[in-house]
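What follows draws every value from the coordinates through simple rules; no lab data is involved. Values in this document were obtained by computation on a predicted structure and should not be read as measured data. With ideal geometry, Cβ positions are generated from the backbone for all residues, glycine too; neighbour counts draw on all protein chains shown.
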Amino acid sequence: MQYAIILTIASYNPEHRGSRMTISIFFKRNFALITGLSLPVLLVFGFLLANNLPQMKSNPPQYEMVFSVTRYDNHSSFHVDFTIRNQKLYMRLTPKKEHESGNVRDLFIYNGQKESVRKIDYLPLLAQSVDFENEIPVEALRDYSIDSNSKAPDGYEFEYGGYRSRGLLGEIFGGRRHVNRVKKKDGGSFVMPDYGNGYSYGGISFIGWIVNSE
């Protein structure tokens with residue numbers, strides 16, 4: 001008993017108590033300031049968690065998605081559009097009128113497993129001859145079978161997005177980007193990466209899902 005009393009007295013340090021009192025008083029007097037400084041940090045973590053939680057809990061899309069984006073090109077002599085025939089991708093070229101800007105559709109493939117987007121070059125193949133009468137097979141994707149159904153076999157669908165700020169700093173300092181997603185009902189939601197969508201780009205168009213490659 002005597003040893004316990006001695007240890008208790010020895011361990012007591014008035015300076016420690018004063019230090020705890022000082023910290024307590026500091027928090028009480030600066031509660032509003034501390035809250036104001038910590039709230040943005042909590043909002044950032046909350047934003048990151050809400051944005052990435054659906055991806056962390058779900059398997060990514062198994063099938064690659066083909067899409068196109070309109071690019072305004074004053075130097076192009078034609079407009080380009082795409083269509084699917086018997087699970088093959090074709091393009092139709094239409095001569096542009098005088099003083100009209102050409103709407104060239106750039107072609108992309110989204111890979112949910114790698115969370116990447118790659119651009120498909122197909123226009124250089126038209127350098128030798130241009131057929132304005134018929135639909136032309138897209139040679140760069142001739143070995144792929146493309147399903148034009150909006151829903152992929154694994155249940156994912158493309159969802160057109162809107163402009164969203166680049167996080168909390170974007171809200172404060174400005175800066176917005178167009179966000180599109182690939183989502184599954186009661187499942188994952190994956191934000192598509194940027195595809196270089198600058199001022200020269202227009203709307204995005206879903207084409208189909210790659211279901212097989214030969």
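Give the long-range amide H neighbours of Gly208: residues separated by 5 or more places, or on another chain, with amide H under 5 Å away, using H modelled in the peptide plane at 1.01 Å from N.
Sorted by chain and number, the residues that satisfy this are Val66.
Students often check this: by mean Cβ neighbours within 10 Å, which of 182-188, 154-160 ranks highest, and how do the rest follow? Please report the intermediate quantities before stating the final value.
Values: 182-188: 14.6, 154-160: 17.4.
Listed from highest to lowest mean packing, they are 154-160, 182-188.
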